[in-house]
Amino acid sequence: MTEINNAVIFKVLLSLHTFNKILNMITSHNKSLKTFNTFGIDVTANTVIHLETEDEAERIFRNKGIPNYPVLILGGGSNILFLDNFNGTVVRPEMKDIRTEHTWNNEVIISAGAGVTWDDLVSETVELGLSGLENLSLIPGTVGATPVQNIGAYGVEVSELITKVDAISTSDGSRHVFNNKDCGFGYRTSIFKKEARGEFLITRVHYSLSGHFSFRLGYGSVKEETERLGGASLKNIREAVINLRKRKLPDPGIIGNAGSFFKNPVVSTPFAAELSMQYPEMPVFDDIPGYKKIAAGWLIEQCGWKGKRVGEAGVHDRQALVLVNYGSATGYSIYNLSEAIKQSVKDKFNINLEREVELAGII
């Protein structure tokens, strides 16, 4: 019996030794996060763990291998503003494979690991002749963030295309599958951003795409730009969207930003009609019955913020919805600027703007 017990103990110790060895390989300490957030805020985290496979993720959380709490799951860092150093562990899902999971008539299910760069996935699906993601071209970030934020652009929301999300519980390492309905999608939100925030590490996302082309050209200048490029095709629509985004939005590789800082506010139809009487040029879009969506960038511009700079923080000169870091802005300086903008819009239009960008730190 003693020999058996010793053998069991040896196996356990060997398993723990292997686990600790793996943990040391994928972990770094007092790591700068400047290159891990598109605002380029120069902060650090106590620990950063890089996970390249679902098995690694399962093992880390099942064996309570997180050295410092709290935990922040961070993908491309394109939708976060760090206010100060993160005193905890940043976990980066870096699964990077793309698979064709299922084909039926014109429907093709494509899945991608959470660490795949979003625009790389869009590019590949367009090259494959699969319709669905083309209007979402050039959105920064990774695949794992798309269901969290329910990204959208030019008349398309990714929730229309997601069939399921694979995830791992951060409390015990168990594996979970969320179908589309389970995700609780809303305008730029989901269960992963609200009630289940931080409870799951997304590892893979599945999208339903089509070999039958059904183009969305009715939003903004997409139709005109597509026609200029020679007419409707997957490649022309993708190029049109890329051109439009490049004209309006700054490149995070050149100037720090997180894209749209605020959501477009949704107001009641009667209130929207009242505002439209005062401001006939105000961009208004249909939303769910009884409500309208108003362009937040227009509201901010009317308050005089477009192109304004406060120290190293500022509002982009071509798109008032985008706040920028001119080089050495702190997270707090950008946050304070955003609060001043919110107050201006509230005072002028009686509309409360809501941040699209997430905050990390103490306000």
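Given the residues ARG247, ARG228, which is the only one that is at pLDDT below 95 and farther than 16 Å from VAL357 by Cα?
ARG247 is the lone residue from the list that is at pLDDT below 95 and farther than 16 Å from VAL357 by Cα.
Taking region 235-262 as the region of interest, how many residues are within 24 Å of the chain's Cα centre (by Cα) and over 24 Å from ALA114 (Cα atoms)?
Within region 235-262, residues that are within 24 Å of the chain's Cα centre (by Cα) and over 24 Å from ALA114 (Cα atoms) number 14.
Which pairs have Cβ atoms under 7 Å, sit 6 or more apart or on different chains, and link a residue in region 131-160 that is aliphatic (A, V, I, L, M) to one that is surrounded by fewer than 21 Cβ atoms within 10 Å (Cβ to Cβ) and in a helix (DSSP H, G or I)?
Here the result reads LEU138/ASP119; LEU138/ILE242; LEU138/ARG245; ILE139/ASP119, each pair linking region 131-160 to a residue that is surrounded by fewer than 21 Cβ atoms within 10 Å (Cβ to Cβ) and in a helix (DSSP H, G or I).
Select, from PHE213, PHE271, the only residue that is of a type outside the set (S, T, N, Q) and at pLDDT below 95. Spell out how you get there, then give the answer.
Numbers: PHE271 fails: at pLDDT below 95.
Within the list PHE213, PHE271, the selection yields PHE213.
If I filter region 189-206 for residues that are outside the structural domain of ARG355 (by TED's automatic domain parsing) and closer than 24 Å to ALA320 by Cα, do I get at least one hit?
yes
Among the candidates ILE294, ILE288, which residue alone is modelled with pLDDT under 95 and either in the same structural domain as THR38 (by TED's automatic domain parsing) or not aromatic (Phe, Trp, Tyr) (or both)?
None of the other options fit; the residue is ILE288.
Mind checking whether some residue in region 52-59 is modelled with pLDDT of 95 or more and either aromatic (Phe, Trp, Tyr) or over 26 Å from VAL205 (Cα atoms) (or both)?
For region 52-59, residues modelled with pLDDT of 95 or more and either aromatic (Phe, Trp, Tyr) or over 26 Å from VAL205 (Cα atoms) (or both): absent.
Does GLY115 meet the test of being among the small types (Gly, Ala, Ser), touching a helix residue (DSSP H, G or I) at 6+ places or on another chain (Cβ under 8 Å), surrounded by fewer than 23 Cβ atoms within 10 Å (Cβ to Cβ) and not in a strand (DSSP E or B)? It would help to see each step written out before you state the result.
On the way: among the small types (Gly, Ala, Ser): yes; touching a helix residue (DSSP H, G or I) at 6+ places or on another chain (Cβ under 8 Å): yes; surrounded by fewer than 23 Cβ atoms within 10 Å (Cβ to Cβ): yes; not in a strand (DSSP E or B): yes.
So GLY115 fits the description; yes.
Conditions tested, residue by residue: (1) surrounded by fewer than 16 Cβ atoms within 10 Å (Cβ to Cβ); (2) in contact (Cβ under 8 Å) with a residue 24 or more places away in the chain.
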site	(1), (2)
HIS206	no, yes
LEU209	no, yes
PHE215	no, yes
ARG247	yes, yes
THR269	yes, no
MET277	yes, no
PHE285	yes, no
LYS292	no, yes
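Name the residue, out of ASN135, ASN106, ASN180, that is in contact with a strand residue (DSSP E or B) (Cβ under 7 Å, 6 or more places away or on another chain), over 30 Å from LYS64 (Cβ atoms), assigned by TED's automatic domain parsing to the domain that holds ILE191 and modelled with pLDDT under 95.
Only one candidate qualifies: ASN106.
The values are calculated or read from the model by the stated rules, or taken from the named source; none is laboratory data. Everything quoted here is computed from the prediction, not taken from an experiment. In this analysis, Cβ positions are derived from the backbone assuming ideal geometry, glycine residues included, and neighbour counts consider all displayed protein chains.
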